[in-house]
Structures are given as structure tokens and as C-alpha cells.
Amino acid sequence: MSTLQAVKYSRGKLEVLDQLRLPHEFHYDAVSNRTEAFDSIASMRVRGAPAIAIVASLGLAVELHNDGLPVESVEDTIARIDDALDYLKTSRPTAVDLTNAINQLKAKIRAPENADKTSIINAFIEEAELIFDKDLKTNIAIGDAGAEWLQAKAGASTDSPVSILTHCNTGSLATSGHGTALGIIRSLQTKGLLRHAYCTETRPYNQGSRLTAFELVFEGIPSTLITDSMAASLFRTKKATANIAAVIVGADRVVRNGDTANKIGTYQLAVLARYHGIKFIVAAPTTSIDLETETGDGIKIEERRKEELTQITGAVIRPDGSVDESSKVRVATADQRVGVWNPAFDVTPAELIDAVVTEKGPVEKGPDGSFDFSNIMPERW
Ligand code: MRU
């Protein structure tokens, strides 16, 4: 099991790894209330759909544990917690895990057995801790289900291990541990079914290069980083020799028909995979599924500031390869006056997706060409 942890928690104390400083610097920020949780998420010091939901839930749990609430009645307590959750929901719009966690927490504090302020707060804290603990088990189940699917449907075997391309970061850093798409890659590696992992997302946020490449090296998984613009050439030149069997990505929101929002650049990989006869798999917990939105057209895509494209943080590399943190500086990569469109996510149509692998197992399209997630969704949503 990896020891990389995006989130460290014990009751009353939450620390969140600042992912903007990776891979050169490991620094945990203390997150002790809703405002600090909001800032951590909005600034992308923590990111990844499951990790966002976990930090929002635990950030408020820590505040409630340490500071309580300046009200007494059941109605006022519930109203104050609802306000805090509604505020946290506005931190980032695309990933649905946060909304699902908030709905779960709101339902929990309304349970009839919570008859006074103390029991409501305790119920909130326990539910937030449950969300955190459950995510790790979920990811391990996704990893195993995905590896089995690749054995059955893509010919992965110990005699014929497969290569996988993954986009963005879906590993321990984006979750409570193990990861979703990267969790499948880990499981393949453990079972001797992985030949090589390729990773992308080298702009705009460099989550493939800064985070996934780092996790792959940390785990000792044979891996190669390519820029997003190299994927077509990779498939054309190495599909046969490297036995590239699948592109596996995570998800920020999978809607009712299977259309999937994920980090920008995912859609073009799905198009390329289809053209080259390579499977395209979405790995996501059921907390990333949104049955209330019918198609991808209903997903709100976050657009971020232009400086993410026109600037980058640079630092001096010492002769021994280490980075001089004190030399860090923002560097221009474009004319600062240029117009920029910077959507953080895109939507891959269900048509291009071969399977959505959740902790309940893989879901494939039915004969009518659409996904049906109704059987695997928890009843509480
Ligand atoms: O903008 P981010 O980094 O929060 O985006 C989320 C992601 O890391 C990816 O889209 C990921 O593939 C899905 S979350 C496991």
C-alpha cells in the first residue's frame, strides 16, 4: 500500500498536502474550519473529485468538533450546518462527489435519533469520517474490478501483460488512497498483468507530469510521461509493440446516460482510442455518479483563470537534480495580453466509453447503447 497521503486526519485535526508544491516539496497545511477547507479546494492545493469531498466534509467536522456552534436548538443547529455545507459546495462546480457527500451529511444530521445539538454534531463528525474511510475500500475494489475486466475483455494476462495510458491524476493524491484509474494500474501491477503505464496531462495543470508521474515513480511502476499531443503517435507507433490495451481515466461526474466529465484532454483521448481500437475505461466510485443529470450537456464545466496557461512556476535545478525552493518564480509562457479559454474539464460521450468501473463492478452499455447505473446506486441519493 502506498504511503502517499493527500489527507491526514484524526478527530479534531486535519492536514492536507499542498499539491501545488509537488513533486519537489512535501508540505501539509492545517485545515481547521470551513474557510480553510474552501480555500484549499478552490486554490487546488487539494484536488481530485473524492479528495475534494473528503476535505470539505472533514474540514467542517474539525470545526464542529473544536469550536462547536453558537446555537442550541435542533432547528438552528441543522440550519447552521446546512449553511456551512452550502458554502462549501460552491468551492468548485464540476465534481459531483462533493454534492453527494453534502446530501449524505444533510440526511444524516436529520436522522430522528439526533435529538439535540451534541448528537447532531457527533453524527456529522462520524458520517464525515465514514466518507473518508469508505473511499479507500472503494478504490481497492475499483482496482480489482478493473484488472479483472481487462483480463476478460482486453486479453491482459501474465503471459501477455498490457500497457495502459492514463490521464491527469487519479491516484492516492486525488483520493483517500490507492486511487481510481491509477488504482486499476496498481492492481494490474500487483497481479503481474501490467507491462507499462503512460501518463498525460502536461498542460494546463501538469497533473500528469507533477502528480501521476511522481506517483508512478514512487510506486516503482514502469512508466513513461508523454505530452498530451503525443498520444496519437504513441498509439500509432507503439500499440502493437507495447501491447497498449486501454486508456483508463477517472471522472469528476458521470451522468445518467454515461457521458463523463473529466480533466480537459480526456475527450480527445477517447476519440483517439476508438480510432486505434484501444479500450476506453472510466474508473469512478459511485459517489461520482449523478443520476439527476441526464446527459453531458447538463454538466457545468469550470473555467479557470488565464494565468494557468500563460504562466508557470519555475525554480533552479541544482547540479544534483534537487530543486532550489528559494529560487521559485512565476515565468511567462505566452504573451500576457493574449485571450485565453481555460476549461478545466471536458465531457466524453458515453458512445466512446467501453466500461465504467465502480466499486460495485464494471458497467457496460446495454443493447440500446446506453449505460444503466440504477442497479448499483446507493439508495440514500
Ligand atoms: O481539477 P481537478 O484536479 O480537481 O480534477 C480532478 C481530477 O484530478 C481529474 O479529473 C481526475 O481524473 C478525476 S478525480 C479522481
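Here, each number is a calculation from the coordinates, and none is a lab measurement. Being a predicted model, the structure only gives us computed values, none of them experimental. Positions of Cβ are generated from backbone atoms using ideal geometry, with glycine treated the same way; all protein chains shown enter the neighbour counts.
Could you tell me the distance between the Cα centroids of region 335-366 and region 1-60, to the nearest Å? Rounded to whole Å, the Cα centres lie 24 Å apart.
May I ask for the angle, rounded to the nearest 10°, between helix 181-190 and the longest principal axis of the chain, with both axes built from Cα atoms and the value confined to 0 to 90°? Long axis of 181-190 versus the principal axis of the chain: about 60 degrees. For region 146-191, taking Cα atoms only, Rg and Dmax work out to 11.0, 32 Å respectively.
When N is the residue count of region 1-54, what does its C-alpha Rg come to as a fraction of 2.2 N^0.38 Å?
Working: Rg = 10.7 Å, N = 54, 2.2 N^0.38 = 10.0 Å.
Computed over Cα atoms of region 1-54, the ratio equals 1.07.
Taking every DSSP helix (H) stretch of at least 4 residues in the chain, weighting each as -39,500 (n - 2.57) and dividing the sum by the residue count yields a mean residue ellipticity at 222 nm of -11500 deg cm²/dmol. Highest average first, the peptides 52-58, 260-266, 126-132, 82-88 ordered by how many other beta carbon atoms sit within 10 Å of their residues are 52-58, 260-266, 126-132, 82-88.
I need the shape label for region 206-295. Rule: rounded when a/c is under 1.5, else prolate if a/b > b/c, else oblate, with a, b, c from the alpha carbon gyration tensor. Numbers along the way, then the final one.
Working: a/c = 2.18, a/b = 1.42, b/c = 1.54.
Oblate is the answer for region 206-295, as a/c is 1.5 or above yet b/c matches or exceeds a/b.
Label positions at Val74 and Ala42, each projected 7 Å from the Cα along the C-beta direction, are separated by 3.4 nm. Report the relative contact order of the chain, percent, no decimals, based on alpha-carbon pairs under 8 angstrom and at least 6 residues apart. Computed over the chain, the figure is 16 percent.
Assuming charge only on the beta carbon of Lys and Arg (+1) and of Asp and Glu (-1), the dipole of region 282-358 about its Cα centre is about 580 debye to the nearest 20. Listed by chain and number, the lysines whose alpha-carbon sits under 30 Å from that of Lys306, ignoring those within fewer than 8 places in the same chain, are Lys89, Lys263, Lys328.
When the Cα positions of Gly171, Phe132, Tyr28 are compared along the charge dipole of the chain, Gly171 comes out farthest toward the positive end, with charges on each C-beta of Lys, Arg, Asp and Glu. Compute the helix-to-body angle for 97-109: its Cα long axis versus the longest principal axis of the chain, expressed 0 to 90° and rounded to tens. That helix lies at roughly 30 degrees to the long axis.
Cβ-to-Cβ counts within 10 Å put Ser187, Ser157 in ascending order as Ser157, Ser187, the fewest first.
In terms of other Cβ atoms within 10 Å, Trp149, Trp341 run from fewest to most in the order Trp341, Trp149. The modelled label-to-label distance for the pair Met377/Asp133, using points 7 Å beyond Cα in the direction of Cβ, is 2.7 nm. Applying 1/(1 + (r/R0)^6) with r as the Cβ-Cβ distance of Asn66 and Thr241 and R0 = 45 angstrom yields a FRET efficiency of 0.20. DSSP beta bridges fully contained in the chain are about 50 percent antiparallel. Pull out a ≥ b ≥ c, the square roots of the eigenvalues of the alpha-carbon gyration tensor of region 63-131, then state rounded if a/c is under 1.5, prolate if not and a/b is larger than b/c, and oblate in the remaining case. Because a/c hits 1.5 or more and a/b exceeds b/c, region 63-131 counts as prolate. Dividing the alpha-carbon radius of gyration of the chain by the rule-of-thumb value 2.2 N^0.38 Å gives 0.99.
Here the Karplus relation 6.51 cos²θ - 1.76 cosθ + 1.60, evaluated at θ = phi - 60°, turns the backbone of region 216-229 into coupling constants of 5, 5, 4, 7, x, 8, x, 8, 9, 8, 10, 6, 4, 6 Hz, with x for every Gly and Pro.
Helix 266-276 and the longest principal axis of the C-alpha atoms of the chain enclose an angle of approximately 30°.
Here the convex hull built on the C-alpha positions of region 1-141 has a volume of 105 cubic angstrom per residue. Summing Lys, Arg as +1 and Asp, Glu as -1, what charge do residues with Cβ under 15 Å from the Cβ of Ala231 carry, Ala231 excluded? Local net charge: +4. Summarising the strand pairing of region 275-357, around 70 percent of its internal DSSP beta bridges are antiparallel.
Rounded to the nearest 20 Debye, what is the dipole magnitude of region 1-110 about its Cα centre when Lys and Arg each give +1 and Asp and Glu each give -1 at the C-beta? Write out the running numbers ahead of the final one.
Values: 13 positive and 15 negative charges, 82 e Å.
Using Cβ point charges on Lys, Arg, Asp and Glu, region 1-110 gives about 400 debye.
Each of the peptides 161-170, 346-355, 16-25 was scored by the mean count of other Cβ atoms within 10 Å over its residues; in descending order, highest first, they stand as 161-170, 346-355, 16-25.
Between Gly258, Phe345, Ala242, whose Cα lies farthest towards the positive end of the dipole of the chain when Lys and Arg beta carbons carry +1 and Asp and Glu beta carbons carry -1, centred on the Cα centre? It is Ala242, whose Cα lies furthest towards the positive end.
Where the only charges are on Cβ atoms (+1 Lys, Arg; -1 Asp, Glu), what is the dipole of the chain about its Cα centre, to the nearest 20 debye?
Numbers: 41 positive and 51 negative charges, 262 e Å.
Roughly 1260 debye for the chain.
Classified by the C-alpha gyration tensor, region 219-353 has an oblate form. Its axis ratio a/c, with a ≥ b ≥ c, is 1.5 or above, and a/b does not exceed b/c. Bridging of Lys360 to lysines at a Cα separation below 16 Å is possible for Lys134, Lys137, once same-chain residues fewer than 8 apart are set aside. Near the amide H of Ala156, within less than 5 Å, lie the amide hydrogens of Gln151, all on another chain or at least 5 residues away, with H placed in the peptide plane.
Modelled label positions at Lys328 and Ser157, each set 7 Å beyond Cα in the direction of Cβ, lie 5.0 nm from each other. Distance from the alpha carbon centroid of region 297-333 to that of region 149-198 works out to 28 angstrom.
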